[in-house]
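Chemist: Let me begin by handing over the structure; questions about it come next.
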Amino acid sequence: MVPLPSECRESKVRYPAPWLGKGGNASSFQGLPWGVDTFHSNVFIRAKNFEYQFAIAPGFWDWIDHLLYNGLLICGHMVYEELQTKEGPLSDWIEKRERYFLDPENREQTAFSRIGSHVSSYYRDEMVRVFLSGVDPWVIASAMANNLVVVSMESRIINPESTSKIKIPNICDHFTVECISIYSCMLRTKAVL
């Protein structure tokens, strides 16, 4: 994959470099102290709206470019499609990076089916319909199928029966998929903005 030199300012941002400049294939990074991540859409949306707005925190977006280019962040194309619906700088930013957002393969579809079976037997029908029609189960399915770490800004619900929305961390817990916040991800990757 070709980097985005006109958009990346990586020379201004420090990262650990155990991969010695290798690009692309996530399997090249076995043995890193952190795993390969997959981001939920809300990470991008919240960053753009709050703590890491493009104008005040360009280093955050450089860090994401770094993860994408080096195969340390793998996102599904449904995340891309959801972010494309947002007008403004996030839509512009994401459009230039479509090549890094992958279509689901058979193993993700199999994991999605397992997720669908679980939520259908545990949650109310309307909640299941909303959850399965969105990007959330695909983020989890990608993590399940590819041994990835889910990065989400959602919080676990102590009593899932009392909520009106199925939460990613709760489903990740059920399938023993690690789910962390963006802040934990930044600490693990030793991001310095």
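Quick note: the coordinates plus some simple rules give every number you see, no bench work behind them. Predicted model only: the values in this text are computed from it and were never measured. Quick reminder, even Gly has a Cβ in these numbers, built from the backbone with ideal geometry, and neighbours come from all protein chains shown.
Chemist: Exactly which GluC sites (Glu not before Pro) in the range 77-114 are in a DSSP loop and have at most 16 other Cβ atoms within 10 Å?
Modeler: Filter output for the range 77-114: Glu87, Glu105.
Chemist: Would you kindly compute the Cα radius of gyration of the range 36-193 and its largest Cα-Cα separation (Dmax), both in Å?
Modeler: Rg and Dmax of the range 36-193, Cα atoms, are 15.3, 45 Å.
Chemist: Taking H placed 1.01 Å from N in the peptide plane, check which residues at least 5 places from Gly76 or on another chain put their amide H under 5 Å from its amide H.
Modeler: Leu102
Chemist: Straight-line reach from Lys86: which aspartates and glutamates have Cα under 13 Å away, leaving out those fewer than 8 places along the same chain?
Modeler: Of all the aspartates and glutamates, those that pass the test against Lys86 - Cα under 13 Å, at least 8 places apart if same chain - are Glu95.
Chemist: Given Cα pairs under 8 Å that are at least 6 residues apart, what percent is the relative contact order of the range 58-124?
Modeler: RCO, the range 58-124: 29 percent.
Chemist: Along the Cα-to-Cβ line of Thr85, 7 Å from the Cα, sits a label point; which residues in the range 35-50 have backbone N less than 14 Å from it?
Modeler: Under 14 Å, as judged by backbone N against the label point of Thr85, lie 41-42, 45 of the range 35-50.
Chemist: Here's another thing I want to ask about it. Would you mind checking the radius of gyration and Dmax of the range 37-113 based on alpha-carbon positions, in Å?
Modeler: For the range 37-113, the Cα-based Rg and Dmax read 12.8, 41 Å.
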